[in-house]
1. Has segment 144-164 got at least one residue that is in the same structural domain as residue 118 (by TED's automatic domain parsing), surrounded by 18 or more Cβ atoms within 10 Å (Cβ to Cβ) and among the acidic types (Asp, Glu)?
2. Give me the pairs, please: first residue somewhere in segment 200-224 and surrounded by 16 or more Cβ atoms within 10 Å (Cβ to Cβ), second residue anywhere and among the basic types (Lys, Arg), beta-carbon distance under 7 Å, and either six or more positions apart or on two chains.
3. Would you confirm, using the coordinates I've provided, whether residue 224 is part of a helix (DSSP H, G or I) and under 30 Å from residue 271 (Cβ atoms)?
4. Any chance segment 86-106 includes a residue that's over 15 Å from residue 143 (Cβ atoms), in contact with a Lys or Arg (Cβ under 9 Å, 6 or more places away or on another chain), at pLDDT below 85 and among the hydroxyl-bearing types (Ser, Thr, Tyr)?
5. Do we find that residue 130 is assigned by TED's automatic domain parsing to the domain that holds residue 191, under 13 Å from the mean Cα position of the chain (by Cα), over 27 Å from residue 269 (Cβ atoms) and not charged (D, E, K, R) in this structure?
6. For segment 80-170, which fully contained strands (runs of 3 or more DSSP E) count at least 3 residues that are not aliphatic (A, V, I, L, M)?
7. List the residue pairs whose Cβ atoms are under 6 Å apart, where the first residue sits in segment 288-303 and is free of Cβ contacts under 8 Å to residues at least 40 places away in the same chain, the second is assigned to a helix (DSSP H, G or I), and the two are 6 or more positions apart or on different chains.
8. How many residues does segment 277-294 hold that are within 28 Å of residue 328 (Cα to Cα) and of a type in the set (Phe, Trp, Tyr)?
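The values are calculated or read from the model by the stated rules, or taken from the named source; none is laboratory data. Here the structure is a predicted model, which means the values were calculated and not measured. Glycine gets a Cβ as well: all are built from the backbone with ideal geometry, and neighbour counts include every protein chain shown.
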Amino acid sequence: MPDDKLAFDAASARPAPHPAEFVSPFGTFVADTCAPLREAGQAGEIDLWAYGRGTYPGAPMPADVLPQLKSVGTWEITSDQEWGLDWHRNEGIEFTCVSAGSVPFSCEREDFDLSAGHITVTRPWQLHRVGRPNISSSTLTWFILDVDVRRPNQEWIWPAWLPMPAPDLARLTELLSLNERPVWRASKTLLAAVDTLERTLRGQVSQPMARIATSVAEIFIELRDLLEQHEPVLDPYLSSTERTVHLFLERLRERTQEQWSVDRMAEECGLGRTRFVHYCKKMVNLTPLEYLSLLRLEQAKHLLTTTDLLVSDIAQLCGFQSSQYFSTSFRRATGMQPAQLRRERLSA
């Protein structure tokens, strides 16, 4: 591969397409493209050797070579940085390995301090960040492999170029998709596979794409052995339909302003109407529209008692079609008009 300066000259010359957007139970997400990392590499603040697709950092990969590999690279940082990769999600499996220094890492609700020999594995669309908030001196190698997952209950589709038998891929899928633990201590053989990938990325070698493919396959083989040896607790709920609905309902309180129908809710979860209603009733003991109305009223109560917004503005912000309908719904649920609740709270 060319040195990092030439790699980024090539990357900056290509068109910059918009990152892929995907609809999930969380809402509509844009796949993160590591812009702070790309900018640090272009500015020469760090040493960076990478290949990427779309707007991921690095030299562009041909469209027909290693499809589904979105990004692969190595960074070497010798001084503390003023940037980090904030909370984000990627469309694929993201694997990282620290070979020197330390890297602050967070996934979901947990914080980790990675040191040499630590690896991280995040599932497609799993929330994580690198840096808390900034990056420290370190060497880190990564890749992002898209397995065509857009909802938690979808089947993983592995690339055809990955030379692993179907039963092995099925077991690897189970271990990765049902595993909640994102950070592991790598085995010696896994670190050797990462080291080979790092050396390929750093040096001018023949057939770099073939060597990258071989290294990625070797990493997955060693990763499966590592997970099998440690017998991680697998949680089928992580890839279940029930979790898909749970995540949607959890995020619905942030999207009450949108005009929802039961059919649209079901579609966002990739389910039929009847099945979606069944899961909703099971989880919250309300129909989808009853639950939506409850969330809107809770939000309205909060705004009435903590802001000076007009009642008509609150109605609009909470997704009610008119202030009159809002007042009627509010009175039925609470026994008072919105303005009356505000007066009582102010006089309390």
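1. Yes, some residue in segment 144-164 is in the same structural domain as residue 118 (by TED's automatic domain parsing), surrounded by 18 or more Cβ atoms within 10 Å (Cβ to Cβ) and among the acidic types (Asp, Glu).
2. 200/211; 224/171
3. no
4. no
5. Answer is yes for this residue.
6. Answer list for segment 80-170: 85-88, 93-107, 110-115, 118-122, 138-145.
7. Short answer, once both residue conditions are applied: 288/262; 288/265; 288/280; 297/333; 300/314; 303/314.
8. 1
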